[in-house]
Amino acid sequence: MRVLVLSSPIYAHAVNASPFVAGLRTRGAEVAWGVPEPLLDTVRRLSDPDTVHDTGTVEPYLPRGGRIREVSTRYDWLLRDAATRLPALRRLVDDLRPDLILTDSLGHAAALTAEVTGLPWISFGDGPLHHPDERTPPFGAGLPYRTPTPWVWRNLVVQAASRRLVMRRAQQRYAALRADLHLPPTSTAVVEAALSPHLHLHCGVPELEYPRRAGLPDHVHFVGAIRPAPATGWQPPPWWDGVVSGRSGQVVLATQGTLRHDPAELLAPAVQMLQETGRPGVVTTGSGDSALLGGPGLVGPAVAVESFVPYAEVLPHASVLITNGGWTGVLLALAHGVPVVQVGRSEEKADIGRRVQWAGAGLHLGPRPTAAHLGRALDRIEQDPAIRTGARRIAAALAERDPARDGAELITALFSGGEQTGPRLQ
């Protein structure tokens, strides 16, 4: 079986393909990986460099003002990228002759390539699950899950407004791109257009997903949490023993992900809260500047700021994860039984925080909280045993699934025409 992985131009979504690649190769599949030029070096460190192929340059994404506008402009950007890189993707398909294409849930270029070339394709989801119905809040709205009639009406109205107004430009671009490729018109919403109708592997568990009135399609399967490979060459910094070692279940881990750079959104108040309350904590800035928070290194008796610390090293000692809400980090924390405090409404992150709170495994806070807001959230988690119990319940469900193992099994079954028997939401 030859599988061609085609990644979207977003760092986290690209690297999250790695467990599926590893699982397929373990089963004997021949796997090639097509990656946009800015991510080539990153992916080559994760895979056999000889099997990683350049699929072209990417126009930088420039964030626009306003949360709703940002969601719509990001999809418009993804479709512009698809139009630019489609010729390179089609040449790669012609050269490699794969049997299947695998992409992430923002892989519009890959989905269109598969449709144009007539190849079956598989998607994996590393964010909130789409497939809306009248009970689920619309994607990107950050609204809570409610089932009484007035809330159902709210969902239907907001879903219609989202498609016809908020996502109108992206929807029109998608329709025009399909026409240019001589593909038939479709009623599929652009936010669902990269979800495979053949097989969708969703990272997560049913316990974190809102019930739909009609359930989910049979081709949707839950495959658990993506767990990163060990950080090669990473060594604990000098402050590690004083902040983390010997503090099992006490350390606060705070992160703002890879897309958000302004420390005032979350990290600055988190550092202030840790300093004022005396809680031990590790704060990671990612692509942001740790110097803006006094780092790298200690910024208090038991508070450290670094650009990068492997989550998997801290989480066994953690009491809570404070995060803007990236799905991969949230799942990893819950896989360790660590409750989550999700902060803000950027991108689709509030949808993730709402799911965590609905599942009883953490809390959702609004944008730009103060140190006092964060302190009260941590007090609530410490005082309410039900939240920690909820996180452990999600951890037990995640422990039953493995993206590499389950994903490879389901993809192999699809290729061989067998029955897809992996775990899913009934």
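Give me the one-decimal nm value for the distance between modelled label points at Ser307 and Ala161, 7 Å along each residue's Cα-to-Cβ direction.
4.2
In the chain, if the dipole is taken from +1 on Lys/Arg beta carbons and -1 on Asp/Glu beta carbons about the Cα centre, which of Leu89, Tyr11, Ser346 is farthest to the positive end?
So the residue furthest toward the plus end is Ser346.
Run through every distinct alpha carbon pair of region 32-133 and return the Kirkwood hydrodynamic radius in angstroms, one decimal place.
Details: mean 1/r = 0.0673 Å⁻¹.
It is 14.9 Å.
Tell me which trypsin sites (Lys or Arg not before Pro) from region 210-312 have a DSSP coil assignment and no more than 11 other beta carbons within 10 Å of their own. List each step's numbers first, then the result.
Numbers: sites: Arg212, Arg213, Arg247, Arg260; in loops: Arg212, Arg213, Arg247, Arg260.
Listed in order of number, the matching sites are Arg213.
With +1 on the Cβ of every Lys and Arg and -1 on the Cβ of every Asp and Glu, and nothing else charged, how large is the dipole of region 291-356 about its Cα centre, in debye rounded to the nearest 20?
That gives a dipole near 200 debye.
Output the peptides 180-186, 95-101 sorted from most to least packed, where packing is the average of other Cβ atoms within 10 Å over each peptide's residues.
On the way: 180-186: 10.3, 95-101: 17.4.
Peptide ranking by packing, descending: 95-101, 180-186.
Please tell me the relative contact order of region 264-395 in percent, rounded to the nearest whole number, where contacts are Cα pairs under 8 Å and at least six residues apart.
Normalised by residue count, the contact order of region 264-395 is 23 percent.
Can you list the chymotrypsin sites (Phe, Trp or Tyr not before Pro) in region 191-298 that are in a DSSP coil and have 14 or fewer other beta carbons within 10 angstrom? Walk me through the numbers before you get to the answer.
Details: sites: Phe222, Trp234, Trp239, Trp240; in loops: Trp234, Trp239.
Taking region 191-298 and a limit of 14 other Cβ atoms within 10 Å, the loop chymotrypsin sites (Phe, Trp or Tyr not before Pro) found are Trp234.
Suppose the chain between Ala399 and Ser245 were pulled fully straight at 0.36 nm per residue; how much longer would it get relative to their current alpha carbon spacing?
Details: separation 154, 0.36 × 154 = 55.44 nm, distance 2.50 nm.
So the chain would gain 52.9 nm between Ala399 and Ser245.
Compute the distance in nm between two label points, each set 7 Å from the Cα along the Cα-to-Cβ direction, one at Val152 and one at Ala83.
Going from the Val152 label point to the Ala83 one covers 4.0 nm.
Given C-alpha coordinates of region 273-426, what is the ratio Rg to Rh with the Kirkwood estimate of Rh?
Reported Rg/Rh, Kirkwood definition of Rh: 1.04.
Ratio of the chain's C-alpha Rg to 2.2 N^0.38 Å, to two decimals?
Working: Rg = 21.2 Å, N = 426, 2.2 N^0.38 = 22.0 Å.
Ratio of Cα Rg to 2.2 N^0.38 Å: 0.96.
Using the heavy atoms of the protein chains and a 1.4 angstrom probe, tell me the accessible area per residue for the chain in square angstrom.
The answer is 42 Å² per residue.
Going by a ≥ b ≥ c, the root eigenvalues of the Cα gyration tensor, does region 243-331 fall in the rounded group (a/c under 1.5), the prolate group (a/b larger than b/c) or the oblate group?
Oblate, since a/c reaches 1.5 and b/c is not below a/b.
What does the charge dipole of the chain about its Cα centre add up to, to the nearest 20 debye, if the Cβ of each Lys and Arg holds +1 and the Cβ of each Asp and Glu holds -1?
1180
Mind jotting down a quarter of the surface of the convex hull over the alpha carbons of region 221-290, in square nanometres, one decimal? Can you show the working numbers first?
Details: hull surface 27.7 nm².
Mean projected area of the Cα convex hull: 6.9 nm².
What number, in percent, do you get for the relative contact order of the chain if the mean sequence gap of Cα pairs under 8 Å and at least 6 apart is divided by its residue count? Could the numbers behind the result be given before it?
Details: 824 pairs, mean separation 68.3, N = 426.
Reported relative contact order: 16 percent.
Mind checking which of Ser287, Pro184, Leu156 is farthest towards the positive end of the chain's charge dipole, using Cβ charges of +1 (Lys, Arg) and -1 (Asp, Glu) about the Cα centre?
Leu156
Quick one: grab the alpha carbon gyration tensor of region 92-222, order the square roots of its eigenvalues as a ≥ b ≥ c, and give me rounded if a/c is under 1.5, else prolate or oblate depending on whether a/b is larger than b/c.
Taking the square roots of the gyration eigenvalues as a ≥ b ≥ c, region 92-222 is oblate.
For region 137-176, what does the alpha-carbon gyration tensor say about shape, rounded, prolate or oblate, given a ≥ b ≥ c as the root eigenvalues, a/c under 1.5 as rounded, and a/b over b/c as prolate?
prolate
With all protein chains present, how much of the accessible area of the chain (probe radius 1.4 Å) comes from carbon and sulfur, to the nearest whole percent?
Ligands and nucleic acids excluded, carbon and sulfur give 53 percent.
Could you work out how much longer the chain between Asp384 and Ala413 gets when fully extended? Use 0.36 nm per residue separation minus the Cα distance between them, nm to one decimal.
6.1 nm
Test of the criteria: in region 1-102, which trypsin sites (Lys or Arg not before Pro) are in a DSSP loop and have at most 16 other Cβ atoms within 10 angstrom of their Cβ?
Here the sparse-neighbourhood loop sites are Arg27, Arg45, Arg64.
With the radius of gyration and the Kirkwood radius both derived from the Cα set of region 258-303, what is their ratio Rg to Rh?
Rg/Rh for region 258-303 comes to 0.94.
If R0 is 22 Å, what FRET efficiency do you get for Leu62 and Asp41 from their C-beta distance, rounded to 0.05?
In this case the efficiency is close to 0.45.
In square angstrom, rounded to the nearest 10, how much accessible surface does Ser307 have for a 1.4 Å probe?
Rounded to the nearest 10, that gives 60 Å².
The values are calculated or read from the model by the stated rules, or taken from the named source; none is laboratory data. Note that the structure is predicted; figures quoted are calculated from it, not measured. Glycine also receives a Cβ, built like all others from the backbone with ideal geometry; neighbour counts cover every protein chain displayed. Note: areas computed on protein heavy atoms with side chains; ligands, DNA, RNA excluded. Shrake-Rupley method; radii C 1.70, N 1.55, O 1.52, S 1.80 Å.
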